[in-house]
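The structure is given below, and queries will be raised subsequently.
The values are calculated or read from the model by the stated rules, or taken from the named source; none is laboratory data. The structure presented is a predicted model; accordingly, all values stated were derived computationally and were not measured. Cβ placement follows ideal geometry from the backbone for every residue including glycine, while neighbour counts extend to all protein chains displayed. We work out accessible area using only protein heavy atoms, side chains counted, and drop any ligands, DNA or RNA first. Shrake-Rupley method; radii C 1.70, N 1.55, O 1.52, S 1.80 Å.
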Amino acid sequence: MPDELATIVVTPREQFSKARRSLESIFACTNRSVPIVYVDANSPPAVARYLKQQASQRGFTLLRSEQYLTANEARNLALPHVHTKYVAFVDNDVSVTPGWLTTLLACAEDTDAWAVGPLYLIGDPAKQIIHMAGAELKIVEDHGSRFLHERHRFSNLPLAQVRAQLVREPTDLIEFHCMLVRKDVLDRFGPLDEQLRSVLDHVDFCLAIAGAGGSIFIEPAAIVTHLAPPPYALYDLPYFFLRFSDAWLEPSVRRFAEKHGLAFSDAEFDGHRRFRSVHRLRLLRRTRGAIRRLFGKSALALADNFTNMFFDRVVEPVVAGPMERRRRLDPRR
């Protein structure tokens with residue numbers, strides 16, 4: 001399967017400190033002739049210099065924004081530079097493995113799928129902990145009400161425990177951590193929804209495919225790992241806090257609810273809010289581990305509540321909110 005059928009589009013997710021490790025995994029595990037479009041959304045100077053150097057040496061397209069972008073803004077910025085049958089979206093903090101792209105392309109060509117996702121791991125790749133292996137996704141109508149139903153498969157389980165159950169098959173949901181999509185599908189749908197700033201962008205896109213009669217496959221023979229924090233660099237924090245701020249999350253939920261005829265109070269949206277709260281706590285994993293060892297689970301729960309209160313009452317109004325207001329007013333956007 002010629003890898004040149006696809007263009008790799010790398011966009012920021014939540015951090016910049018894993019950008020080098022991620023990109024070098026792509027270099028190591030992908031045919032050099034595959035075109036790459038890399039969107040650098042206001043990375044810090046050291047990362048920006050590295051990307052500029054690599055773009056010069058490797059000959060890939062580097063698009064630099066001097067402000068933070070949402071993931072869909074970055075993807076839309078890259079798409080005019082794609083001239084292949086497929087687009088392989090990869091977050092800038094994802095590590096790929098040998099054969100990842102060839103395997104995804106083979107699945108797409110064999111099945112005529114509109115989009116294909118790999119097996120997603122999370123954390124240290126050596127530990128092989130599953131983040132997601134496809135999911136159930138649908139909007140359920142019951143007595144005049146509409147509800148979102150989303151259930152991920154095998155999350156947080158060791159790969160070795162469920163490997164025998166993982167096969168290429170249709171699925172309802174894959175994630176933009178890594179997603180192979182037919183370019184004509186993206187052309188048909190038009191720009192990705194930039195009002196989905198923080199969450200639900202992948203859910204919205206997969207629902208659009210299902211609504212148009214397309215198919216989505218999971219191909220577990222292709223494996224990627226989301227290198228979620230920790231560790232992290234201090235320069236990651238502004239973008240991380242913005243990505244998971246109320247200034248980005250709540251408008252995303254509101255937009256998705258209005259678009260799909262759902263109540264803003266839908267229980268699945270609370271699940272995304274809980275994920276945000278838990279994910280922010282990843283920044284303090286070592287501290288949290290020490291608290292649990294020294295003082296027990298009750299003390300850890302109290303510390304977590306205090307930490308999330310600090311995020312909500314200090315980081316939101318003092319850091320994230322003003323940052324988003326400045327971003328929206330910046331004419332360079």
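Using 0.36 nm times the number of residues separating S33 and M309, minus their current alpha carbon distance, what extension gain do you get?
94.5 nm
Set Lys and Arg Cβ to +1 and Asp and Glu Cβ to -1, take the dipole of the chain about its Cα centre, and tell me which of A263, H149, V253 lies farthest positive.
Of the options given, the answer is V253.
Does the chain classify as rounded, prolate or oblate by the C-alpha gyration tensor (a ≥ b ≥ c root eigenvalues; a/c under 1.5 gives rounded; else a/b over b/c gives prolate, otherwise oblate)?
Here the chain falls in the rounded category.
Using a probe radius of 1.4 Å on heavy atoms only, what accessible surface per residue do you get for the chain? Whole Å² is fine.
On a per-residue basis, the chain sits at 45 Å².
Full-extension gain between V318 and F189, please, as 0.36 nm times their residue separation minus the C-alpha to C-alpha distance.
42.7 nm
If you take all C-alpha pairs in the range 26-66, what percent of them are over 14 Å apart?
Tail of the P(r) past 14 Å holds 46 percent of the pairs.
Using 7 Å Cα-to-Cβ label points, what is the R282/K52 separation (nm, one decimal)?
3.0 nm
Cα centroid distance between the range 310-330 and the range 128-172, in Å?
Their Cα centres are 33 Å away from one another.
Accessible area of R20, 1.4 Å probe, to the nearest 10 Å²?
140 Å²
Viscosity 0.890 mPa s, temperature 25 °C: what is the translational diffusion coefficient of the range 280-333 from Stokes-Einstein with a Kirkwood Rh over Cα pairs, rounded to a whole number of µm²/s?
In µm²/s, the coefficient rounds to 190.
Here's another thing I want to ask about it. Run the accessible area of the chain with a 1.4 Å probe and give the carbon-and-sulfur part as a rounded percent.
The nonpolar share, carbon plus sulfur, comes to 54 percent.
Per 0.36 nm of contour for each residue apart, how much would the distance between T84 and T111 grow if the chain were fully extended, relative to their Cα-Cα spacing?
7.9 nm
Using each residue's phi in the range 146-152, evaluate 6.51 cos²θ - 1.76 cosθ + 1.60 at θ = phi - 60° and report the 3J(HN,Hα) Karplus result to the nearest Hz, with x for Gly and Pro.
Going residue by residue, I get 10, 10, 8, 10, 9, 9, 7 Hz, with x marking Gly and Pro.
Can you tell me the order of 226-238, 190-202 when each peptide is scored by its average per-residue count of other Cβ atoms within 10 angstrom, highest first?
Top to bottom by mean Cβ count within 10 Å: 190-202, 226-238.
Let me ask something else about it. Arranged from highest to lowest average of other beta-carbon atoms within 10 Å per residue, in what order do the peptides 216-225, 272-281, 70-79 appear?
216-225, 70-79, 272-281
Sort the range 1-70 into rounded, prolate or oblate with this rule: let a ≥ b ≥ c be the square roots of the eigenvalues of the Cα gyration tensor; rounded if a/c is under 1.5, and if a/c is not under 1.5, prolate when a/b is larger than b/c, oblate otherwise. Walk me through the numbers before you get to the answer.
Values: a/c = 1.86, a/b = 1.72, b/c = 1.09.
It is prolate, given that a/c is not under 1.5 and a/b is the larger ratio.
Here is a follow-up. Percentage of Cα-Cα pair distances in the range 192-333 greater than 17 Å, rounded to whole percent?
Distances greater than 17 Å cover 70 percent of the Cα pairs.
Further, regarding this structure: Not counting ligands, DNA or RNA, and with a 1.4 Å probe, what is M309's accessible surface area in Å² rounded to the nearest 10?
Roughly 90 Å² of M309 is accessible to a 1.4 Å probe.
Keeping all protein chains in position, work out how much accessible area E109 exposes to a 1.4 Å probe, and write it in Å² to the nearest 10.
Its accessible surface works out to 60 Å², give or take rounding.
Another question, then. If you filter the range 131-188 for chymotrypsin sites (Phe, Trp or Tyr not before Pro), then keep DSSP loop positions with at most 14 other Cβ within 10 Å, what is left?
Nothing satisfies the criteria.
So for the range 35-182, what percent of the C-alpha to C-alpha distances run longer than 24 Å? Intermediate results must be reported in sequence, preceding the final value.
Values: 4830 of 10878 pairs.
For the range 35-182, the share of Cα pairs beyond 24 Å comes to 44 percent.
Given a 1.4 Å probe and heavy atoms of the protein chains only, how would you sort W114, W248, largest accessible area at the top? Don't skip to the end; give the middle numbers.
Numbers: W114 35, W248 0 Å².
Putting W114, W248 in descending order of accessible area: W114, W248.
In what sequence, largest accessible area first, do H149, H177 appear using a 1.4 Å probe? Mind dumping the intermediate values first?
Details: H149 40, H177 10 Å².
Correct descending sequence by accessible area is H149, H177.
Protein chains only, probe 1.4 Å: how do R188, R293 rank by accessible area, largest first?
Details: R188 150, R293 185 Å².
The ranking, largest first, comes out as R293, R188.
Over the chain, what is the relative contact order in percent, taking alpha-carbon pairs closer than 8 angstrom and at least six residues apart?
Details: 593 pairs, mean separation 66.4, N = 333.
Once normalised by length, the contact order is 20 percent.
Additional query: Taking the chain, how many lysine pairs are there with alpha carbons less than 30 Å apart, if each pair must be eight or more places apart or span two chains?
Lysine pairs, 8 or more places apart or on different chains, close enough: 13.
Pick out which of A19, A106, A290 has the largest mean-square fluctuation in a Gaussian network model of the chain, springs linking Cα atoms closer than 10 Å.
Residue with maximal mean-square fluctuation among A19, A106, A290: A290.
Here's another thing I want to ask about it. Looking only at Cα atoms, what is the convex hull volume of the range 64-125 per residue, in Å³? Mind dumping the intermediate values first?
Details: hull volume 7.6 nm³, N = 62.
So the per-residue Cα hull volume is 122 Å³.
Would you work out the charge dipole size for the range 154-251 about its Cα centre, treating the Cβ of every Lys and Arg as +1 and the Cβ of every Asp and Glu as -1, and quote it to the nearest 20 debye?
Its charge dipole is roughly 340 debye.
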